[in-house]
Amino acid sequence: MLNINGSDDPSYRYKMPKLVGKIEGRGNGIKTVIVNASDIAQSLARSSNQVTKFFGCEFGAMSRYEEKADRAVINGAFETKDLQEALFKYIEKFVLCPSCGNPETVQEVKGKKKSGLIMLNCGACGAISEADNAHKLCNAILKEALELPSSKKSKKGKKKEGDQISTGDASTDGGASEEKSAKKSKKDKKEKKEKKEKKEKKEKKEKKEKKKKSKVEDEDDFSSDDDETNNISAIIKSAENMSIQDVMAIDECSSAVRALIGAGTPTNDEVAKKVLELVGEKGLRKIDGVAILFFGAVSDQPPSKLSAYLEALALFCQDAVSQREVLACVEETVELAETEVKKTTAIKIVPLIIKALYDEDCLDEDVIKKWHSGAVDCLHPRTVVSDETIKAVKASATPIVAWLDTVDSEEEEDDEDNMDPTSVFGAPMKQDDSESDTDSD
């Protein structure tokens with residue numbers, strides 16, 4: 001969660017979700033999707049359509065809010081950090097009170113039609129201030145505000161969540177808007193309470209199942225797997241039902257692991273314990289520990305330090321499903337590269353990553369081969385990975401697969417110390433004539 005005013009103040013009580021954007025399509029059809037636009041709009045007490053329109057005005061692109069799919073779409077490719085910066089601009093111009101800086105404001109329109117002015121009525125300090133009426137977004141706000149009284153959705157009480165715009169006399173329409181806001185707030189609290197209760201029941205049920213399976217509780221034993229991890233259909237179903245909150249929770253847990261490693265040199269057991277604690281606190285699946293460990297302790301490490309915490313990762317990779325999750329993380333790492341240069345570099349080190357994962361028992365030979373041949377697909381519940389990226393990753397991993405095909409387990413044990421790394425990741429070693437003659441003699 002982020003502070004609505006963009007500050008780093010830990011005591012600031014007005015929060016909003018971190019913007020989650022992803023790029024879809026290619027060529028002329030490329031577009032940027034904000035998957036949690038409605039959650040952001042709700043935290044700002046504004047309409048999702050208004051927030052989406054601002055991005056279009058700010059970037060000079062076509063934008064629309066798809067109510068059925070519950071997502072904002074902006075034509076073109078835009079980085080998440082630029083979208084987040086634009087969102088803070090919107091908040092500064094159309095949400096925060098200029099007098100006290102609080103976001104407890106209601107938009108009101110004074111005047112009629114094109115001559116109307118957008119005002120911010122602050123519920124915290126009582127000030128009535130003028131918004132940035134020179135901005136292009138004001139036309140969309142005026143149109144939205146003037147259409148509300150005659151809207152069928154407004155009559156049926158289906159006004160979009162986050163709408164706090166009133167028109168005309170603030171003492172009449174403004175009061176109605178505040179009443180609707182209060183009702184919506186109660187409804188939201190009730191829904192959050194129900195979700196929390198369901199989550200707690202689920203956690204209790206999972207704990208009971210774990211206790212039945214094992215009478216001995218050993219904090220250092222991470223080798224056992226939950227039913228979810230062993231059941232492929234359950235994993236697929238749970239991955240499809242992952243929410244934005246789950247993805248954000250995984251990101252937060254990865255940051256916590258990264259901070260733990262950055263603060264010192266914890267052991268593999270300490271890192272694994274930390275991941276299990278975070279999974280329990282956030283109500284995540286145990287298999288999500290794979291992504292938390294990978295993005296928190298592996299993906300941002302240089303090749304020379306790749307194996308530092310792979311022993312901890314191996315504790316979470318005891319079956320084919322969790323190992324496919326590791327390969328999904330490898331694909332996502334390449335997809336999430338911010339620039340083409342970084343993406344090219346990420347693709348080049350794919351063989352090093354997979355070789356390290358194989359050596360540390362995070363990946364089995366059969367899993368690697370089936371993934372490379374396309375016999376199985378990896379789930380991507382956290383981000384959308386393009387077919388082009390998947391092809392590039394698998395093409396880069398071809399030398400590893402070729403090595404696995406040509407070296408059997410006995411030869412691997414005998415020749416491991418004499419193996420030249422270039423024979424795995426580059427051209428095969430050439431034996432010069434002098435060595436050949438010596439062998440024949």
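Below is a table of values for the structure above.
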{"read-out": "Cβ-based exposure ranking for Val350, Val51, in which fewest neighbours within 10 Å come first", "value": "Val350, Val51"}
{"read-out": "Cα gyration tensor category, rounded, prolate or oblate, for the range 1-122 with a/c compared to 1.5", "value": "oblate"}
{"read-out": "Descending semi-axes in whole angstrom, ellipsoid equivalent of the range 241-377, from the Cα gyration tensor", "value": "21, 17, 16"}
{"read-out": "Debye, to nearest 20: dipole size of the range 233-378, +1 on Lys, Arg Cβ, -1 on Asp, Glu Cβ", "value": "140"}
{"read-out": "Positive-pole candidate from Phe294, Thr267, Ala249, dipole of the range 239-320, charges at beta carbon", "value": "Thr267"}
{"read-out": "Restraint check, Lys15/Lys190; Lys18/Lys53; Lys198/Lys282; Lys18/Lys189; Lys136/Lys342, Cα-Cα greater than 24 Å", "value": "Lys136/Lys342"}
{"read-out": "Charge tally in the Cβ shell below 13 Å around Lys31, where Lys, Arg are +1 and Asp, Glu are -1, Lys31 excluded", "value": "+2"}
{"read-out": "Cβ-based exposure ranking for Leu260, Leu19, Leu96, in which fewest neighbours within 10 Å come first", "value": "Leu260, Leu19, Leu96"}
{"read-out": "Packing-based exposure ordering (other Cβ within 10 Å, fewest first) of Trp403, Trp371", "value": "Trp403, Trp371"}
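Read-outs: derived from the displayed coordinates by stated rules, not from any lab. Computed from a predicted structure; not experimentally measured. Neighbour counts run over all protein chains shown; Cβ positions are idealised from the backbone, glycine included.
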